[in-house]
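Quick notes on the structure that follows.
The values are calculated or read from the model by the stated rules, or taken from the named source; none is laboratory data. Just so we're clear, the structure is a prediction, and the values are computed from it rather than from any experiment. With ideal geometry, Cβ positions are generated from the backbone for all residues, glycine too; neighbour counts draw on all protein chains shown.
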Amino acid sequence: MPELLIELLTEEIPARMQARAAEDLCRLAAGAFAPLIQGPPRGFHGPRRIGLVAEMALSAETPAREERGPRIGAPEQALAGFLRKHEARREMLVERNGFLVLVKPGETVTAEALLHRALPELLWSFPWPKSMRWGLSHFTWVRPLQRILCLLDGRPVPVALARGEDAAHGIVAGAETEGHRVHAPGSFAVASAADHAARLRERFVILDAAERAAMIREGVARLAAAEGLEVVPDEGLLAEVAGLVEWPVPLLGSIDDAFMDLPAEVMRTSMRVNQRYFALRRPDGRPANRFALVANIAAADGGRALVAGNERVLRARLSDARFFWDQDRKHRLEEFLPKLDGVTFHAKLGTQGQRVERIARLAGYLAPMVGADPALAERAARLCKADLASGMVGEFPELQGIMGGHYARHQGEDPRVAEAIAQHYRPLGPNDDVPREPVAVAVALADKLDQLAGFFAVGEKPTGSGDPYALRRAGIGVVRIIRENGLRLPLAPVLTHALLGDVSARPVDLTHSLLASIAATLMLPLVKLEAALEAAGAAPRPLEAEFPFDAAEINREVRGFLLDRLRVQLRAEGLRHDVVAAATGEDDDITRILARAEALKSLVESDTGANLLSAWKRAQNILRAEEKKDGPHDGPVEEAALAAPEEQALNAALAKAEAESRACLAREDFAGAMAALAALRAPTDAFFEKILVNDPAFRKNRLRLLSRLRAAMDAVADLSKIEA
């Protein structure tokens, strides 16, 4: 099959855009060249180029197709517009079912003609996140486009980028590309994709991004190991650096000992954010006074001048970090708090200072539930956002929370308070650990639950196309903290507290409307009156004081959102979606839901469980039909009216199973409850095999027996969700 090779050579493309651009190019090409392209294109990307390789037929016959036009008798303007759109004449139309229809015959499409027609349009409409214009053309690209390589079956296809009246951009595709700017400047021709990659390698360009990343990973690790060190893992930085260099040359530099007393996170962040350096550490985890950089050239002096220059730059960067570190430690965290009153968290949710007060109240409420000291939890929560006003976090926002923990330790706070401040944003991603210490758990949960409650209350909920406030991440964090710490935390009362505060502590007569009336009478802003009352200990200021909302509805929505995150996790772990739905039901205790799901999974995967569920569905179908006539049939079973041995046996088995199941459920032994129900299989099978439920003489009592069977099983899980 003939091969298509396209390469777009530009000035340096931002590393964060390269991989997505290569994906977009492949996706758009697959659509634009659909009649001829065979299989998905394979993309490549680097600092100066994106491109693709694909198999492509040289020509193909397209099938005939029809285009329905206006109705017969439609105005002439509509008909003229349709003909103009399709470049057709009136005699080419046929009448069919009241409409004029244009029958387009099949045609032979050649690859070269398709490229000439479709490739310029693809490039003109390419979806870069940001783009620019240069020269006199209206063409836009992420950076000035310098050259187009387009080879089909080894021959160049001279596609012209200019279109219409915009002829200023004179690039015409050819067979040439360019190597490394320094080591191999100038253009050269290639004959195929394999030749392209090989000849670029000869000219100091590694085309494949994964290969560049592997060279960097292995090269830096080798240099570090030679000095008895190891690289601090950072896949994000690795991918970025692989997008900055065409010919990776790892080098090691030194850090002045004067900076080694800075927190490791400060040094790593400064090196990563400002210079794209890799941090190294000793085998015991302590930071090493060495760093790794990746050059884009193989210098004649082995990189000594490059290393010396980068060491000078790093000294300046770390000197800045040293200044912020020293200045921030002159203040206690409490001294930063007043500044938070001037920082808006959200227009409808007040300032960061107001949010801190809500988090502190909620952390104190949560503390006993997670085994934490309420006073320490409130203290940590009150200080957890203080470092947002510090100089270091102002310079490096990535260090928020982490610096607060360092400053808390410096000023002598309880180690549990410092740990809670440092960890309250966790988990930040799927591979990040969750807080384990109870005080840290209480503060992390309070932070995330306040975030969820607040944004749901003001209507800022995630949508299918966006989640600007990272609420899904917050929800997943709540679920992971509860799961991985095995917490017993019913969500409904916790969210009520997040939304309404401690209702029992509020003066009954100081409602929001009454406060507003008092404020108007005194000619005071409402917020000042509420703040004064709160300062006097008379009026806590919950979320509802900021704006009106339906607390019960928001509570329900947030619980549903959190349980949806749990369901997504369980399905990703391989649990059947119907088992997840059945185990969740109306419960909001995540730990209990997990235990029920595991027990239900074991039941439905067994032959006994499958047959028992079949019996439940049969009972449910009978009851649903009969209850429409004269139901419900949930009264007590009259044992004296149980005439047949099979119904007597089922009734006796139900009595035993109900007692055992209730006892198991009381101690949340869901596996035991399921096992007790599994014992009903044999008597249930016999009942349905021998008994006519709708026998007029026994119908009412037998329906009650089936209702009892259904209720016993529904008490364990919502079996209506289980699919056959």
**Q.** In segment 460-488, the residues that are surrounded by fewer than 20 Cβ atoms within 10 Å (Cβ to Cβ) and within 15 Å of Asp450 (Cβ to Cβ)
**A.** Glu460, Tyr469, Ala470, Arg473
**Q.** Selected residue [in contact with a Gly (Cβ under 9 Å, 6 or more places away or on another chain), crowded, with 17+ Cβ neighbours inside 10 Å, closer than 21 Å to Ile593 by Cβ and among the hydrophobic types (A, V, I, L, M, F, W, C)] from Ala663, Ala717
**A.** Ala717
Q) Does Phe188 satisfy being modelled with pLDDT of 95 or more and not in a loop (DSSP other than H, G, I, E, B)? A) yes
Q: Search segment 559-580 for residues that are in contact (Cβ under 8 Å) with a residue 60 or more places away in the chain and more than 17 Å from Val494 (Cβ to Cβ) and pair each with any residue that is in a helix (DSSP H, G or I) and not hydrophobic (A, V, I, L, M, F, W, C) when their beta-carbon atoms are under 6 Å apart and the residues are at least 6 apart or on different chains.
A: Asp578/Lys721; Val579/Lys601
Q.
Going through Glu121, Glu67, Glu55 one at a time, which residue ends up being closer than 30 Å to Glu246 by Cα, in a strand (DSSP E or B) and touching a residue at least 24 places away in the same chain (Cβ under 8 Å)?
A. Glu55
**Q.** Residue list for segment 381-415, filter: among the small types (Gly, Ala, Ser), assigned to a helix (DSSP H, G or I) and buried (at least 18 other Cβ atoms within 10 Å of the Cβ)
**A.** Ala381, Ala386, Ala389, Gly391, Gly404, Gly405, Ala408
Q: Residues that are touching a residue at least 60 places away in the same chain (Cβ under 8 Å): find the strands (runs of 3 or more DSSP E) completely inside segment 243-296 holding 3 or more of those.
A: 287-295
Q. Going by the structure shown, is Gly170 of a type outside the set (Phe, Trp, Tyr), over 22 Å from Asn289 (Cα atoms), over 39 Å from the mean Cα position of the chain (by Cα) and loosely packed, with under 13 Cβ neighbours inside 10 Å?
A. yes
Q) If you go through segment 423-454, how many residues are aromatic (Phe, Trp, Tyr) and buried (at least 24 other Cβ atoms within 10 Å of the Cβ)? A) 0
Q: Look through Arg71, Arg84, Arg89, Arg20 and report the one residue that is under 31 Å from the mean Cα position of the chain (by Cα) and not hydroxyl-bearing (Ser, Thr, Tyr).
A: Arg20
(Q) For segment 103-154, give me each residue that is surrounded by fewer than 17 Cβ atoms within 10 Å (Cβ to Cβ), under 24 Å from Pro47 (Cα atoms) and of a type in the set (A, V, I, L, M). (A) Met132
Q) Would you call Ala380 at pLDDT 95 or above, closer than 27 Å to Met267 by Cα, assigned by TED's automatic domain parsing to the domain that holds Phe561 and among the aliphatic types (A, V, I, L, M)? A) yes
**Q.** segment 339-352, residues that are farther than 16 Å from Val393 by Cβ and out of contact with any strand residue (DSSP E or B) (no Cβ under 8 Å at 6 or more places or on another chain)
**A.** His346, Ala347, Lys348, Leu349
(Q) Conditions first: (1) modelled with pLDDT of 95 or more; (2) out of contact with any Asp or Glu (no Cβ under 9 Å at 6 or more places or on another chain); (3) under 18 Å from Ala30 (Cβ atoms). Ala118 passes all but one, so which condition is the exception? (A) (1)
Q | segment 586-618, subset in a helix (DSSP H, G or I) and free of Cβ contacts under 8 Å to residues at least 24 places away in the same chain, residue surrounded by the fewest Cβ atoms within 10 Å (Cβ to Cβ) | A | Asp607
Q.
When you scan segment 210-226, do you find a residue that is part of a loop (DSSP other than H, G, I, E, B) and either under 39 Å from the mean Cα position of the chain (by Cα) or buried (at least 16 other Cβ atoms within 10 Å of the Cβ) (or both), even just one?
A. no
Q. In segment 44-62, what count of residues is obtained for those that are buried (at least 22 other Cβ atoms within 10 Å of the Cβ) and of a type in the set (Gly, Ala, Ser)?
A. 3
Q) Among (1) buried (at least 18 other Cβ atoms within 10 Å of the Cβ); (2) within 28 Å of Glu419 (Cβ to Cβ), where does Val307 come up short? A) (2)
**Q.** Ala239 being closer than 15 Å to Phe44 by Cα, of a type outside the set (Val, Ile, Thr), assigned by TED's automatic domain parsing to the domain that holds Leu123 and in a helix (DSSP H, G or I)
**A.** no
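Residue-by-condition table, conditions (1) surrounded by 13 or more Cβ atoms within 10 Å (Cβ to Cβ); (2) basic (Lys, Arg); (3) within 21 Å of Val232 (Cβ to Cβ); (4) assigned by TED's automatic domain parsing to the domain that holds Gly219:
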{"position": "Met267", "(1), (2), (3), (4)": "yes, no, yes, yes"}
{"position": "Arg290", "(1), (2), (3), (4)": "yes, yes, yes, yes"}
{"position": "Asp301", "(1), (2), (3), (4)": "no, no, no, yes"}
{"position": "Leu333", "(1), (2), (3), (4)": "yes, no, no, no"}
Q: Find all pairs meeting these conditions: Cβ atoms under 9 angstrom apart; at least six residues apart or on different chains; first residue within segment 350-373 and assigned by TED's automatic domain parsing to the domain that holds Gly401 and free of Cβ contacts under 8 Å to residues at least 40 places away in the same chain; second residue in a strand (DSSP E or B) and surrounded by fewer than 21 Cβ atoms within 10 Å (Cβ to Cβ).
A: Thr351/Thr344; Thr351/Phe345; Gln352/Thr344; Gln352/Phe345; Gly353/Phe345
